[in-house]
Amino acid sequence: MKNYFQFKLNGKQLLPVWLLFMFLFLIPYIFVQIKIQGFRSHSADPHEAIQAVGGIFKWYGLMIFLLVVEYSILFFFAKLVIEAIEFKETSLQFIGKFGQFLKILIPGFILTIITLGIYGPWFYADMCRFFAKNTSHDSNSFEFKGKGGDLFLIVLLAVILPMIAVIAGIVIFSFKSVAQGTSATASHIALIPIMMFIMILIIFIPYMYFIYKWMVNFKFKEYSIKWRTDFWSSVGKIAIELFLSAITVGIYLPLAGLKLYSYFSERTIASTESVSKRFGYDLEPLDDFLFIWGQYLLTIITLGIYYPWAFCKIASRVLNKTYLEEIEVAE
C-alpha cells in the first residue's frame, strides 16, 4: 500500500522569511555584484587599477558577509519547510536552535575561506548532519551518514581534475589556432565558449549522480535509506533530461527535474534485514509541467513577490504525490 506525504505550508507563512531574504541578501548581493563588475571594467590607468583592486577586495568581503546572512535566513526557511512535511498524519519536528547552527556556520565559512575551499565538503557534511539529527518523525531522529572525505573525493575526481583537463585542452587548442593564422584563429576562438559549455555539461552529469548518491544516505530507526542505482543507466537518464532541457533553452527543465525526481525516488530504498520500502512519485507529465510553469510565470510577473506561494504550491503538489510503499518482506 502506498503511504503518501503531505505538505502543510502556505505562502503567507513563508512570506516574512522570503522578504528577509530579498531585502537582507538578494538585493544587496545584486548591488555588490554590480559594484564588483564596475571595478573590473575600471580604467587601465595603473593608479586607478590599484584603487580598483582595493575596492574589489572590500566588496568581496561584503559579499562573504552576505553569504553568511543568506545561510542564516535559510535556517528559518528550512525549519518551516521541514515542519510542514507530514507522513501518516504525523508532522516532522525540527528542534535545532539557531545558536547551534551558527556554531557550525561561522567556523565552517571561515575554514572554507582560509583553506581556499578545501574544507567545504566537510563543512557541507556538518550542515547535513545538523539538520538530520535535529529532524524527527514520531520522536525518532534521522542520522546523516555521508562523510566529508567522500564528498571531497567526488568534487576532486568528478569536477576539479576534469576541469583542469578541459582548461588545459582549450589552452592548447588556442595556441594551435594562433599558430594557424588570423582567419583560423577567429573561427576557432568563436568555438571556445561552445566547447566549454559542452565539456562542463559532460562533467556535470556524473557529478550530479555522485553528489546526490552521497546525499541520500540516512539512517532512521533501524532503516538504512540509500539510492539503489546503476551508474551507467542513471547517468544516461540524467544526460537525456539535460540534453532536452538544453535544446529547448530551459523550457523543458521543470519536466526534466520531475522525471529525474520520479526516476530516482523509485530507486531510493529504506531497508532493514527483513523489510524493504521504496519511495515513488505519481508523475503526470503534462499537468505537472503546465502547473509548475504557471507558478514560474506568476513569480516572474510579480518580480518575485509571489515566490512564497509558488514554492508552497509546487512543494505541495510534488510531495502530495510522493509515497512510500513496502516492496519486500522476508519470511
* Asked: Taking segment 81-131 on its own, how many of its residues are surrounded by fewer than 17 Cβ atoms within 10 Å (Cβ to Cβ) and touching a Leu at 6+ places or on another chain (Cβ under 7 Å)?
  -> 1
* Hey, S233 hits all of (1) modelled with pLDDT of 95 or more; (2) over 22 Å from L319 (Cβ atoms) but one; which does it fall short on? -> (1)
* Residue satisfying condition, being within 18 Å of W214 (Cα to Cα) and among the hydrophobic types (A, V, I, L, M, F, W, C), within set A270, A246 -> A270
* Asked: Quick one: would you say A315 is of a type in the set (G, A, S), under 30 Å from Y223 (Cα atoms) and either surrounded by fewer than 17 Cβ atoms within 10 Å (Cβ to Cβ) or at pLDDT 95 or above (or both)?
  -> yes
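If you take the residues in segment 243-262 that are under 21 Å from G280 (Cα atoms) and touching a residue at least 40 places away in the same chain (Cβ under 8 Å), which one is surrounded by the fewest Cβ atoms within 10 Å (Cβ to Cβ)? Lay out the reasoning, then the answer.
Step one: of segment 243-262, the residues under 21 Å from G280 (Cα atoms) are 253-262.
Next cut, touching a residue at least 40 places away in the same chain (Cβ under 8 Å) only: 254, 258, 261.
Details: P254: 19, L258: 22, Y261: 15.
Checked segment 243-262; the qualifying residue surrounded by the fewest Cβ atoms within 10 Å (Cβ to Cβ) is Y261.
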* Is it the case that G146 is small (G, A, S) and either under 28 Å from I203 (Cβ atoms) or assigned to a helix (DSSP H, G or I) (or both)? -> yes
* Tally the residues that are surrounded by 17 or more Cβ atoms within 10 Å (Cβ to Cβ) and modelled with pLDDT of 90 or more, restricting the search to segment 149-172. => 4
* Structure fact -> Residue pairs within 7 Å by beta carbon, gap of at least six or interchain, first lying in segment 272-301 and polar (S, T, N, Q), second part of a helix (DSSP H, G or I), listed first then second, are Q295/A310; Q295/K313; Q295/I314; T299/Y307; T299/A310
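The values are calculated or read from the model by the stated rules, or taken from the named source; none is laboratory data. Every value quoted in this text rests on a predicted model; they were computed, and no experiment measured them. Neighbour counts are summed over all protein chains in view; Cβ atoms, including those assigned to glycine, are modelled from backbone coordinates with ideal geometry.
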